[in-house]
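The values are calculated or read from the model by the stated rules, or taken from the named source; none is laboratory data. Since this is a predicted model, take the numbers as computed values, not measurements. Positions of Cβ are generated from backbone atoms using ideal geometry, with glycine treated the same way; all protein chains shown enter the neighbour counts. These accessible areas exclude ligands, DNA and RNA; they are computed on the full protein's heavy atoms, side chains included. Shrake-Rupley method; radii C 1.70, N 1.55, O 1.52, S 1.80 Å.
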Amino acid sequence: MSGIFITFEGGEGTGKSSHARNLAESLRKSGRSVVLTREPGGSPGAEEVRALLVTGEVGRWSADAEALLNYAARDSHLRETIRPALTRGDLVLCDRFMDSSRAYQGHAGGGDMALIDMLERSIVGRTRPQLTIILDVDPEIGLRRARGRGASDEDRFEKKGLDFHRKLREAFIQIAAKEPARCRVIDSSRPYEAVAEDIRRAVAEVPGAA
Ligand code: TMP
């Protein structure tokens, strides 16, 4: 696989989706073939699973059931979207990926970490991101930003409470500490352009990306 795989991660309201879109646009302008995608979702089957995960009652799934559903969606997304794009040599920008399962279902959700590790080994396998940008912001600010975006029925995880969201932040920081070569933590409480500039700099360090 000759393409480049970059993921965006972070809690709610950290600005991931907007920065991922912005980066995709600027890379396309410089002539790069970019596939911008998201999780859960990114293939027809995975988008159907997304609706089960992000809407409805907070307690409708256990953390382990969420891990299984996310990995069912991820398997479809990898087979139908991500791996074909990487094989073509495209640059794949993915708004959330495997680290969200570790953080949301594992560390913050209290799910079985051995199950998540096993799913990651089996389903992600060697299709791991070369770079993961973790946007970091105080969860109180993030949740306020997320809620300020207006009414959406995709709020199941937003409703999980501040304690859950504090644990999420901790989880992403721990992931970055464990894999410093892959992960860059960027302070997203700063002005938009300063964050975008740090993202561009991190991407420019990936061989062949910029
Ligand atoms: P989004 O709001 O960034 O589009 O993501 C949808 C929600 O799904 C978000 O609240 C985080 C959650 N999620 C997980 O809990 N586990 C996962 O593996 C992924 C990819 C997302």
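Taking region 64-88 as the range and being small (Gly, Ala, Ser) and more than 26 Å from Gly110 (Cα to Cα) as the test, only Ala85 passes. In region 87-103, which residue that is open to solvent by less than 10 Å² (accessible area, probe 1.4 Å), out of contact with any Asp or Glu (no Cβ under 7 Å at 6 or more places or on another chain) and in contact (Cβ under 8 Å) with a residue 60 or more places away in the chain is nearest to the ligand (Cβ to nearest atom)? Ranking the candidates gives Ala103 first.
Scanning region 158-176 for residues that are within 17 Å of the chain's Cα centre (by Cα) and of a type in the set (Gly, Ala, Ser) returns Ala171, Ala176. Among what's in region 180-210 and is in a loop (DSSP other than H, G, I, E, B) and in contact with a Ser or Thr (Cβ under 8 Å, 6 or more places away or on another chain), pick the residue that is surrounded by the most Cβ atoms within 10 Å (Cβ to Cβ). My answer is Ser188.
Quick one: count up the residues across region 147-157 that are surrounded by fewer than 19 Cβ atoms within 10 Å (Cβ to Cβ) and either part of a helix (DSSP H, G or I) or within 15 Å of the chain's Cα centre (by Cα) (or both).
Within region 147-157, the subset surrounded by fewer than 19 Cβ atoms within 10 Å (Cβ to Cβ) is 147-156.
Subsequent filtering for residues that are either part of a helix (DSSP H, G or I) or within 15 Å of the chain's Cα centre (by Cα) (or both) retains 147-148.
Matching residues across region 147-157 total 2.
The condition (being within 13 Å of the ligand (Cβ to nearest atom), part of a loop (DSSP other than H, G, I, E, B) and open to solvent by 30 Å² or more (accessible area, probe 1.4 Å)) is satisfied by just one residue among Gly111, Gly56: Gly56.
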